[in-house]
Amino acid sequence: GALLIAVPWALWAARRPGGLFDRVTTIVSVGGLSMANYVLAVVLAWLFGVQLGILPTFGFVPLGESVTGNLKSLVLPAVSLGFPLMCVYIRFLRADLVDQMQGQEYVVTAQAKGIHPWKVLVRHALRNSSYGLIALVGLNLGTLIGITVIVESIFSLPGIGRWLLDGFNTRDIVIIQAAVVVFAVITVIGNLLADLLQTVLDPRIRYGDR
């Protein structure tokens with residue numbers, strides 16, 4: 001979800017560096033980077049749950065009971081997890097896109113051929129900038145899993161993070177070891193998939209070649 005918003009946002013900001021939208025993007029991304037996920041979770045719960053009363057501040061509604069209730073119970077946790085990550089991706093991708101558009105010879109060549117600037121940005125600059133973005137997503141996966149434990153506890157959501165905290169509270173070594181193994185496997189698989197995707201997108205990468 002964070003990527004789906006971050007990519008078009010960064011593209012639009014990089015289209016006109018220094019413009020109004022780019023300045024707003026800088027303010028939003030820096031603000032998101034400066035706020036910890038658990039702080040954002042508490043602020044969102046206080047604002048939308050306590051003050052406005054439009055979203056639940058804790059608990060989980062199964063999808064089978066109510067579709068609307070299920071979505072409402074997941075909005076605040078999803079925003080708490082996704083917004084700071086979205087800001088990281090926007091900041092990184094926007095900076096890399098601007099660097100590609102201003103300093104790369106292939107961009108100058110494409111512009112000299114009369115190709116529309118949006119096509120140059122999306123078809124050429126974005127493809128090259130996506131390699132670093134994919135690597136960043138893989139590196140952030142472990143951090144995201146760790147933050148999920150805290151956010152699940154704040155909003156009282158049932159999940160493996162809450163399960164791990166219950167294991168700590170009851171000093172259940174088996175539960176703790178099982179949760180750590182699951183987190184480690186997910187992190188390793190996520191990084192492996194990121195490496196494989198980079199290999200597919202960039203044929204210059206050849207693992208195992210001599």
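The values are calculated or read from the model by the stated rules, or taken from the named source; none is laboratory data. Only a predicted model underlies this, so the values are computations on that prediction, with no experimental measurement involved. Here Cβ is always computed from backbone atoms with ideal geometry, including for glycine, and neighbour counts include all displayed protein chains. For the accessible areas, the whole protein counts, side chains as well, though only heavy atoms, and no ligand, DNA or RNA atoms are used. Shrake-Rupley method; radii C 1.70, N 1.55, O 1.52, S 1.80 Å.
Considering only the stretch 124-180, state which residues are in contact with a helix residue (DSSP H, G or I) (Cβ under 9 Å, 6 or more places away or on another chain) and not in a helix (DSSP H, G or I).
Correct list: Phe155, Ser156, Leu157, Pro158, Gly159, Asp172.
Quick one: in the stretch 110-135, which of the residues that are in contact (Cβ under 8 Å) with a residue 60 or more places away in the chain and of a type in the set (Val, Ile, Thr) is nearest to Leu33 (Cα to Cα)?
Ile134
Tell me which of these Asn169 doesn't satisfy, since it passes every other one: (1) open to solvent by 40 Å² or more (accessible area, probe 1.4 Å); (2) under 28 Å from Pro62 (Cα atoms); (3) touching a Lys or Arg at 6+ places or on another chain (Cβ under 8 Å).
For Asn169, the failing item is (3).
Determine the pairs where a residue that is more than 20 Å from Cys87 (Cα to Cα) and at pLDDT below 80, located within the stretch 136-162, has a partner that is among the β-branched types (Val, Ile, Thr) and open to solvent by 40 Å² or more (accessible area, probe 1.4 Å) with Cβ atoms under 8 Å apart, the partner being 6 or more residues away or on another chain.
Ile160/Val182; Gly161/Ile150
Filter the stretch 1-56 down to the residues that are in contact with a helix residue (DSSP H, G or I) (Cβ under 7 Å, 6 or more places away or on another chain), without any contact (Cβ under 8 Å) to a residue 24 or more places away in the chain, within 29 Å of Glu152 (Cα to Cα) and open to solvent by 60 Å² or more (accessible area, probe 1.4 Å) and list them by number.
Matches in the stretch 1-56: Ile54 only.
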